[in-house]
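Here is the structure we will look at, set down as C-alpha cells.
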Amino acid sequence: MSDISQLHLNLKNILKIDILHDFTSLVKLDLFHNLIEKIEGLDSLYNLTWLNLSYNKITKIEGLDGLKKLEVLNLSNNNISRLENMDALQNLSHFLVANNLIKDLDNVLYLTRMKKLYELYMVGNPVSDGEEYTLFSVAFLPKLRYLDDTLINIEIVSTNDCSTSFC
C-alpha cells in the first residue's frame, strides 16, 4: 500500500475517512460523491498534492494540517459556510469550493494567506452573487489568474480603481 500514488474511491457510499494511514506515498486522492461529513484521517498523507472531497456532506474545513504539499483542493458541493483551518496549505494553488453556503467576503480575505493561490472557484455560493465579489477577490488575491473559470484580465484589474470601500 505504501507504493500506491493515486486512489479513486468515488461513489462508494463512504461515511468516514479512516483507512488511509498506510498510504503514505499517496499523491492523488479522489473521494468524490460519497457521504463523508468530516475531514479526518489524512494526517499520514504528507505527500498528497491533489485532494477531491466534492459532493459529500462536509460542513467544516478541518483535518488538513498535515497536508503541507497540497496544491489542489476540491470541496465543491458540500455544506461549508466558512473558510477556515487551512493555514498549513501554503502550496495551495487551485481551490474549488463552489456550491456551498459561503456568504461573507471575509472568507475571501482568509485566502490571502494562500500566497500561491492561482485559481479560485467559488461560484454558486451566496458570496459570489454580490457585485463586489469579483473586484474584492482580484484586489486581495494578487496572484489569482482564474476566478470562477474566468481568466482575470487587464479590464477587470483596471476597473478596480480603489474608489470602492475595500481598497
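Laboratory data are not the source of any read-out in this text; all were calculated from the coordinates shown. Just so it is clear, the model here is predicted, and its values are computed rather than measured. A quick note on method: Cβ atoms are made from the backbone with ideal geometry, for glycine too, and the neighbour counts reach across all protein chains shown.
Among (i) 0.95; (ii) 1.00; (iii) 1.06, find the value of Rg/Rh (Cα atoms, Kirkwood Rh) that was calculated from the structure presented, and write down its label.
(ii)
Net charge near ALA88, counting Lys/Arg +1 and Asp/Glu -1 over other residues with Cβ under 14 Å of its Cβ?
-1
What is the local net charge at THR49, summed over the other residues whose Cβ is closer than 13 Å to its Cβ (Lys, Arg +1; Asp, Glu -1)?
+2
So, counting K/R as plus one and D/E as minus one, what does the shell of residues with Cβ under 15 Å around LYS68 add up to?
Surrounding charge for LYS68 is 0.
Ordered by residue, what ³J(HN,Hα) values in Hz, to whole numbers, does region 114-120 give under the Karplus form 6.51 cos²θ - 1.76 cosθ + 1.60, where θ = phi - 60° and Gly and Pro are x?
Coupling constants for region 114-120: 8, 5, 9, 5, 10, 9, 10 Hz.
Relative to the Cα centre, what is the charge dipole magnitude of region 1-140, using +1 at the beta carbon of each Lys and Arg, -1 at the beta carbon of each Asp and Glu, and rounding to the nearest 20 debye?
Dipole of region 1-140, to the nearest 20 debye: 140 debye.
Using the Karplus curve 6.51 cos²θ - 1.76 cosθ + 1.60 with θ = phi - 60°, what ³J(HN,Hα) values do you get for each residue of region 140-146, in whole Hz, with x for Gly and Pro?
9, 10, x, 7, 5, 10, 10
Each residue of region 63-74 in order: what ³J(HN,Hα) in whole Hz does its phi give by Karplus 6.51 cos²θ - 1.76 cosθ + 1.60, θ = phi - 60°, with x for Gly and Pro?
x, 10, 4, x, 9, 5, 8, 4, 10, 10, 10, 10
Given ILE14, SER44, SER54, which one lies farthest toward the positive end of the charge dipole of the chain, if we put +1 on the Cβ of every Lys and Arg and -1 on the Cβ of every Asp and Glu?
Checked the options; the winner is SER44.
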